[in-house]
Amino acid sequence: MSNVKKAASALISVFHKDGLEPIVRKFQELGITVYSTGGTEKFIKELGIDVVPVEEVTSYPSILGGRVKTLHPKVFGGILNRQDNESDVAQLDEYEIPQLDIVIVDLYPFEKTVASGASEQDIIEKIDIGGISLIRAAAKNYKDVLCVSSMEDYGEFLELITTGKGSTSLEDRKNFATKAFNVSSHYDTAIFNYFNQQQMAVLKISETKGKSLRYGENPHQKGFFFGDFEAMFTKLHGKELSYNNLLDVDAAVNLMNEFRKDDPTFAILKHNNACGLATRDSIHQAYVDALAGDPVSAFGGILISNVEIDKPTAEEIHKLFCEVVIAPSYSDDALNILKGKKNRIILIQNETDLPDTLVRTCLNGILVQDKDYKTDTLIDLKYVTDKEPSKRELEDLIFASKLCKHTKSNTIVLAKNKQLCASGTGQTSRVDALNQAIHKAQTFNFELDGAVMASDAFFPFPDCVEIANKSGITSVIQPGGSIKDQLSIDYCNENGMAMVMTGTRHFKH
């Protein structure tokens with residue numbers, strides 16, 4: 001038999017009616033018989049178009065409050081029969097089963113219902129049974145049937161049958177079958193994840209909104225982003241974001257989430273690490289002091305604010321070459337200034353939920369872990385030295401701890417007056433991280449007398465507190481937990497330093 005098939009009949013049963021009318025009218029024009037159910041049948045009748053109720057075929061009404069409408073051998077026989085199989089064709093005649101060439105079905109909005117905060121009963125009722133069965137059946141039998149499983153595909157389908165005058169090729173039908181199995185597998189994943197709630201050690205991820213990037217981390221690598229970027233950000237200006245841009249934006253957002261409720265705070269990031277961060281009374285001063293942390297690394301960086309960016313701040317930012325600027329809002333004057341660079345990406349961060357789990361490939365498998373939502377606060381601190389930090393030092397210790405949590409391990413963060421002085425990032429030795437931080441701070445003329453030090457993990461030896469003390473640092477925050485904690489505590493006591501422990505390690509690999 002020819003791979004090109006001309007449709008004579010179609011089954012339509014959809015939840016969403018948007019965009020359906022042009023298809024139904026095209027069917028009428030092409031002489032395609034339409035079978036339908038419930039609300040879809042009523043919709044088609046109100047258009048003045050002939051439609052055959054499925055009940056006339058099955059001799060059964062819709063029962064159980066609409067839970068059972070199409071689950072019948074005469075419906076599924078019309079879909080699953082193999083037209084090149086003499087026995088199948090004979091049984092269609094024997095049992096008076098109509099051949100169904102096209103199936104247009106969508107699914108109840110399960111994910112939207114869950115997201116709306118609906119009751120469990122309402123959510124369960126949005127688990128589609130008939131629809132998912134029709135989609136699987138039609139997609140399985142793509143050699144003879146074309147399945148349209150989403151209103152997003154209506155335009156492509158309408159163009160296809162218009163051009164082909166009701167005929168489709170095997171390639172067309174297989175293409176729509178692929179789309180259908182994408183819809184069905186995503187739907188099943190959403191339902192499973194709703195029920196699972198971490199009860200089973202099973203990972204199911206399905207993202208249907210994928211976007212090809214220009215390339216990956218390097219030009220010779222392919223890159224893709226799967227997610228709803230538009231839900232999280234409103235892009236106001238600039239070029240397309242790259243793979244590396246997206247990683248840096250992710251790091252910036254996660255860092256600034258620690259300071260969402262704080263006074264005006266500005267951060268500058270480069271390669272996923274902050275090279276500048278400051279909290280001040282105004283966002284303008286916060287930016288100026290953040291930039292002072294490392295004006296060299298800030299070139300080509302990612303900038304983020306926790307409050308609206310105003311005109312004075314935008315004027316300062318405009319002097320710097322930067323890839324991305326992120327803020328909850330911008331004044332009109334600020335936006336006009338920032339748009340002065342054609343390629344500068346300007347984003348408004350919207351209120352959205354972020355995933356609770358982190359996923360990454362590892363060896364021949366995948367690692368999954370909870371997100372680190374623990375933020376060190378004053379009530380977490382254990383005062384372990386004779387000298388306690390002053391009020392100002394405590395504020396700086398918490399400030400430095402928040403930043404340390406979002407900096408690559410091994411890391412040391414030096415801060416003073418809610419300003420990042422310098423950090424040592426991604427070092428194999430904590431001593432190297434500290435020496436790197438001190439060197440950077442001195443390079444940019446920071447006075448470390450009275451500064452504080454944060455470490456993402458414990459000190460196995462007192463060497464770090466000794467180096468810090470000789471550089472003028474007066475207070476330290478660290479998780480503790482080393483069998484040699486007392487050595488560091490003793491050094492602090494002997495040299496008038498204050499140390500607090502949080503009991504929580506914040507490695508970031």
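Assorted remarks:
- Test: I379 is in a helix (DSSP H, G or I), open to solvent by 50 Å² or more (accessible area, probe 1.4 Å) and among the β-branched types (V, I, T): yes
- The number of residues in segment 317-335 being open to solvent by 50 Å² or more (accessible area, probe 1.4 Å) and closer than 20 Å to M256 by Cα comes to 1.
- In segment 196-230, residue least open to solvent (accessible area, probe 1.4 Å) [restricted to those that are closer than 22 Å to D372 by Cβ and either in contact (Cβ under 8 Å) with a residue 12 or more places away in the chain or assigned to a strand (DSSP E or B) (or both)]: G227
- When segment 48-61 is filtered for residues that are in contact with a helix residue (DSSP H, G or I) (Cβ under 6 Å, 6 or more places away or on another chain) and part of a loop (DSSP other than H, G, I, E, B), the ones remaining, listed by number, are I49, V51, P61.
- When the residues of segment 488-504 are filtered to those that are closer than 14 Å to I398 by Cβ and not hydrophobic (A, V, I, L, M, F, W, C), the one that is most open to solvent (accessible area, probe 1.4 Å) is T504.
- Residue selected from segment 406-424 under the condition in contact (Cβ under 8 Å) with a residue 40 or more places away in the chain and not in a strand (DSSP E or B), by the criterion farthest from V253 (Cα to Cα): N410
- Residue within segment 304-313 that is over 22 Å from L241 (Cβ atoms), out of contact with any Gly (no Cβ under 6 Å at 6 or more places or on another chain), touching a residue at least 12 places away in the same chain (Cβ under 8 Å) and hydrophobic (A, V, I, L, M, F, W, C) present: yes
- Identity of the residue in segment 132-160, touching a Ser or Thr at 6+ places or on another chain (Cβ under 7 Å) and part of a helix (DSSP H, G or I), that ends up farthest from L71 (Cα to Cα): L160
- Only residues that are open to solvent by 60 Å² or more (accessible area, probe 1.4 Å) and more than 26 Å from E21 (Cβ to Cβ) were counted across segment 136-158, and they come to 3.
- Residue check, E447 within 22 Å of Y287 (Cα to Cα) and of a type in the set (D, E): yes
- Candidates K45, K26: the one that is free of Cβ contacts under 8 Å to residues at least 40 places away in the same chain, surrounded by 12 or more Cβ atoms within 10 Å (Cβ to Cβ) and either within 38 Å of the chain's Cα centre (by Cα) or not in a loop (DSSP other than H, G, I, E, B) (or both) is K45.
- Residue in segment 84-104 that is in contact (Cβ under 8 Å) with a residue 40 or more places away in the chain, more than 25 Å from K140 (Cβ to Cβ) and not aromatic (F, W, Y) present: no
- Counted residues, segment 352-376 - those being in contact (Cβ under 8 Å) with a residue 12 or more places away in the chain, part of a loop (DSSP other than H, G, I, E, B) and of a type in the set (D, E, K, R): 5
- Yes/no for A90 being among the hydrophobic types (A, V, I, L, M, F, W, C), surrounded by 13 or more Cβ atoms within 10 Å (Cβ to Cβ), modelled with pLDDT of 90 or more and out of contact with any Lys or Arg (no Cβ under 7 Å at 6 or more places or on another chain): no
- I348 being hydrophobic (A, V, I, L, M, F, W, C), part of a helix (DSSP H, G or I) and modelled with pLDDT of 95 or more: no
- When segment 159-175 is filtered for residues that are closer than 21 Å to K140 by Cβ and open to solvent by 100 Å² or more (accessible area, probe 1.4 Å), the ones remaining, listed by number, are E171, K174.
- Considering (1) at pLDDT below 95; (2) part of a helix (DSSP H, G or I); (3) of a type outside the set (D, E, K, R); (4) out of contact with any Asp or Glu (no Cβ under 9 Å at 6 or more places or on another chain), the lone condition that A190 does not fulfil carries the number (4).
- Between L403, L397, the distinction of being in contact (Cβ under 8 Å) with a residue 40 or more places away in the chain, over 26 Å from A231 (Cβ atoms), in contact with a Pro (Cβ under 8 Å, 6 or more places away or on another chain) and part of a helix (DSSP H, G or I) belongs to L397 only.
- Those strands (runs of 3 or more DSSP E) of segment 425-509 in which at least 2 residues are touching a strand residue (DSSP E or B) at 6+ places or on another chain (Cβ under 8 Å) and closer than 24 Å to N254 by Cα, considering only elements entirely within it, cover 452-455, 475-478.
- Residue that is farthest from D88 (Cα to Cα) [pool: residues in segment 48-75 that are within 40 Å of the chain's Cα centre (by Cα) and buried (at least 19 other Cβ atoms within 10 Å of the Cβ)]: K69
- G39 being modelled with pLDDT of 90 or more and surrounded by fewer than 19 Cβ atoms within 10 Å (Cβ to Cβ): no
The values are calculated or read from the model by the stated rules, or taken from the named source; none is laboratory data. This is a predicted model, so every value here is computed, not measured. We place every Cβ from the backbone using ideal geometry, glycine too, and count neighbours over all the protein chains shown. To get the accessible areas, we keep the full protein, side chains included, count just its heavy atoms, and leave off ligands, DNA and RNA. Shrake-Rupley method; radii C 1.70, N 1.55, O 1.52, S 1.80 Å.
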